[in-house]
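Note sheet for the following structure.
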Amino acid sequence: MSIEKQPLRIETGWKVTWNTFDEVDPTADTMHHFSGSSLLVLYHEHANRLIDLSWRPEESIDGNFILLVLNTDETFNPKTNTQDVDADWEQPYLRFESRERLEVVAKLEQLMLQIPPCQDPR
């Protein structure tokens, strides 16, 4: 049986930078779908926000989806001549936890529509 990626309505400005978020609910038989540091990473360059979705503890039936919204800042990398994105993992703008995949999908889609841009502290 083939497992598809979780369908999401991605709003304008958001870019998917990592996706292993499958359309499967957490059960003892599906825990192998809930490994790795992140299941989904979305980035909005102009809003300076990053959304990270993970399952913690990894591959544990007792885990939860952890959805973090992080403020970001771009810094110039002279070695690569590109802009690097640094996320503030220590102080998330928002944290949401759930065991329900469809609740997480609804929250993701709501956040992409409604989250305000990060205010540059400089």
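Hey, any hits in segment 75-83 for a residue that's over 23 Å from PRO116 (Cα atoms) and open to solvent by less than 30 Å² (accessible area, probe 1.4 Å)? It would help to see each step written out before you state the result.
Initially, segment 75-83 is screened for residues over 23 Å from PRO116 (Cα atoms), giving 76-82.
Right, trim to open to solvent by less than 30 Å² (accessible area, probe 1.4 Å) and you get none.
No, because not a single residue in segment 75-83 is over 23 Å from PRO116 (Cα atoms) and open to solvent by less than 30 Å² (accessible area, probe 1.4 Å).
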Q. In segment 90-122, which residues are open to solvent by 50 Å² or more (accessible area, probe 1.4 Å), under 24 Å from GLY63 (Cβ atoms) and not aromatic (Phe, Trp, Tyr)?
A. GLU90, GLN91, PRO92, ARG95, GLU97, ARG99, GLU100, LEU102, GLU103, ALA106, GLN110
Q. Which residue pairs have Cβ atoms under 9 Å apart, sit 6 or more places apart or on different chains, and have a first residue in segment 58-77 that is within 21 Å of PHE34 (Cβ to Cβ) and a second that is of a type in the set (Val, Ile, Thr) and at pLDDT below 95?
A. ILE61/THR27; VAL69/ILE115
Q. If you go through segment 36-59 one residue at a time, do you hit one that is acidic (Asp, Glu), open to solvent by 50 Å² or more (accessible area, probe 1.4 Å) and closer than 26 Å to GLU4 by Cβ?
A. yes
Q.
Between a residue in segment 1-19 that is under 20 Å from GLY36 (Cα atoms) and open to solvent by less than 80 Å² (accessible area, probe 1.4 Å) and any residue that is in a loop (DSSP other than H, G, I, E, B) and acidic (Asp, Glu), which pairs come within a Cβ distance under 6 Å, given they are 6 or more apart or on different chains?
A. GLN6/GLU23
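The values are calculated or read from the model by the stated rules, or taken from the named source; none is laboratory data. Quick caveat, the model's predicted, so the values are computed rather than measured. Glycine also receives a Cβ, built like all others from the backbone with ideal geometry; neighbour counts cover every protein chain displayed. Surface areas here come from the heavy atoms of the whole protein model, side chains and all, with no ligands, DNA or RNA. Shrake-Rupley method; radii C 1.70, N 1.55, O 1.52, S 1.80 Å.
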